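Beneath this line is the structure, given in structure tokens, with notes to follow.
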Amino acid sequence: MKRIKWCWAVSGVWLLQIELGMQVITSTIVIGALENNASRDENEFLTITSEEASWFGSLSNLLTPLGNVLSTLLLDLLGHKKCMILANMPCLVAQIMLYFATNVKILYVCSILMALSIGFMSAPSLGYLGEVCEPKLRGSLSSTMTIFYYVGTIILTMLYSVTKQWRLTVIMSMVFPIITIIILLTIPDSPMWLLAKGKHLKAHTNLRKLRGNVSYDKCENEFQEMIRYNMPSNNDKSHQKENTNTWKQFFKPAVLRPFRLMMIYFFFKNLLCGLPLVPYLVSIFNKFGAPVNVEWTISFAMFLSIIGSLIAVFLIPKLGKRFLTLFTLSVCSVCYIIIGLIGIYWKNAQSITSWTILVLYLTTIFISSTGITPIAWTLITEIFPVKYKNILCNISSALFYVITFFMTKYYPEFSNVVEFYNAFTICGIFGLFGCIYFYFCLPETENKTLQEITAFFKN
């Protein structure tokens, strides 16, 4: 009974992650169907150029931080539950508009709406998950978030593989935000948020529900701990005075060095994990030339990411983040270099080369999902000093989306200038330089206290 209760409460968060994956992969399907008259649907009248495709695929990254800001402003007022419900609204509107889209401007508006939805759902869902789960379950449940994200990408790509019509696929996917809203309406508000609003009785009732309708006494200790956590400390006034000098503190080594490391980590993660290439996967797989169904191949790539994310949960505690970063980044770099060299210099056996290149690229997707991709979002919660963690996490997340925007937007131009396969070689060479940087500058944070991590950056 107890597990059913918190599973039901967390299911709304999981469904939001599925929606997140579906929204991210939507641009892949739409661009693959419409770019340069690529659609196989005889009734499709809409087409977009490569330049328009790059804007449609990248706008969602540029404006996602705006959704983060909006949710931050409303979270304290409305609470996690209402904010998670609101996060579905832009998604629903975007899906309806996509189905009836008649020109590229409507596609741009849809991309902006999806960006707002993606950004808006992040803080409420992560905060709710952390506040309603028992402490011993938070870590394992947090690690499942990435898995549900990839489940969403697989669902949408498989739908498109079956229907062969992007508009039908998009409108069918509306069932997920509708189900999510229905489930979210039935879950209890976060007890922590209710306490902050002074609703002690409601908070205690909700905590009992989340713990399986246990008796009043069985959750009293946990409830009292929540009350102590929410009580203002005697040092609040002194902290407010210190906050006036917060921006000056950002230039201290203990703050600046981990921030610089995080930005560089995000850059190399994007460079070698393939995230900026996601909107263009259909055309990329077609250029590889392997005789495969592109839509099902994209689904298989997302499946590999799920497997890699599951493996990462077990590998990170055993091997550490530093080793996994160096290993996965170096393997992905070498694979990219080989892809580029084969594509340029080995053209005699076309069938062999096309399969080899495809396998190497799928290998990078799998390997990155076991290391650099999940580790990036773990590091961001560890390496910043506690005093500045919240604001630096928000700034770093926002800049991650800005970096992703520029890499996604200008990938087609970069690929045209240096040629398609040379782009892989160049990225791979840069990745090797990244390995050298992380060898000297990335500390091992696994099994280290926050004080030990902060001390490393102070020196």
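The values are calculated or read from the model by the stated rules, or taken from the named source; none is laboratory data. It should be emphasised that the depicted structure is a prediction, and the values quoted were computed from it without experimental measurement. Here the Cβ positions follow ideal geometry from the backbone for every residue, glycine too, while neighbour counts run over all protein chains shown. Ligands, DNA and RNA are stripped out before the accessible areas are found, and what is left, the full protein with its side chains, is counted by its heavy atoms. Shrake-Rupley method; radii C 1.70, N 1.55, O 1.52, S 1.80 Å.
Being open to solvent by less than 40 Å² (accessible area, probe 1.4 Å) and either in a helix (DSSP H, G or I) or in contact (Cβ under 8 Å) with a residue 24 or more places away in the chain (or both): is that true of Tyr361 here? It is true that Tyr361 is open to solvent by less than 40 Å² (accessible area, probe 1.4 Å) and either in a helix (DSSP H, G or I) or in contact (Cβ under 8 Å) with a residue 24 or more places away in the chain (or both). A search for C-beta distances below 8 Å between a residue of segment 394-419 that is part of a helix (DSSP H, G or I) and any residue that is at pLDDT 90 or above and β-branched (Val, Ile, Thr), counting only pairs 6+ apart in sequence or on different chains, returns Val418/Ile426.
Being outside any helix (DSSP H, G or I) and open to solvent by less than 50 Å² (accessible area, probe 1.4 Å) is the filter here; which residues of segment 273-313 pass it?
Across segment 273-313, the qualifying residues are Gly274, Gly289, Ala290, Val292.
Under the condition of being open to solvent by less than 20 Å² (accessible area, probe 1.4 Å), small (Gly, Ala, Ser) and within 28 Å of Glu51 (Cα to Cα), the residues counted in segment 397-448 number 4.
Of these, Thr72, Thr64, Thr26, Thr102, which one is open to solvent by 40 Å² or more (accessible area, probe 1.4 Å), assigned to a helix (DSSP H, G or I), in contact (Cβ under 8 Å) with a residue 24 or more places away in the chain and polar (S, T, N, Q)?
The unique qualifying residue is Thr72.
Residue under question is Ser369, and the condition is that it be within 18 Å of the chain's Cα centre (by Cα) and open to solvent by less than 30 Å² (accessible area, probe 1.4 Å); does it hold? It is true that Ser369 is within 18 Å of the chain's Cα centre (by Cα) and open to solvent by less than 30 Å² (accessible area, probe 1.4 Å).
Of the residues that make up segment 270-282, is at least one of a type in the set (Phe, Trp, Tyr) and out of contact with any Phe, Trp or Tyr (no Cβ under 9 Å at 6 or more places or on another chain)?
No, segment 270-282 contains no residue that is of a type in the set (Phe, Trp, Tyr) and out of contact with any Phe, Trp or Tyr (no Cβ under 9 Å at 6 or more places or on another chain).
When segment 286-339 is filtered for residues that are in contact with a Cys (Cβ under 8 Å, 6 or more places away or on another chain) and small (Gly, Ala, Ser), the ones remaining, listed by number, are Ser330, Ser333.
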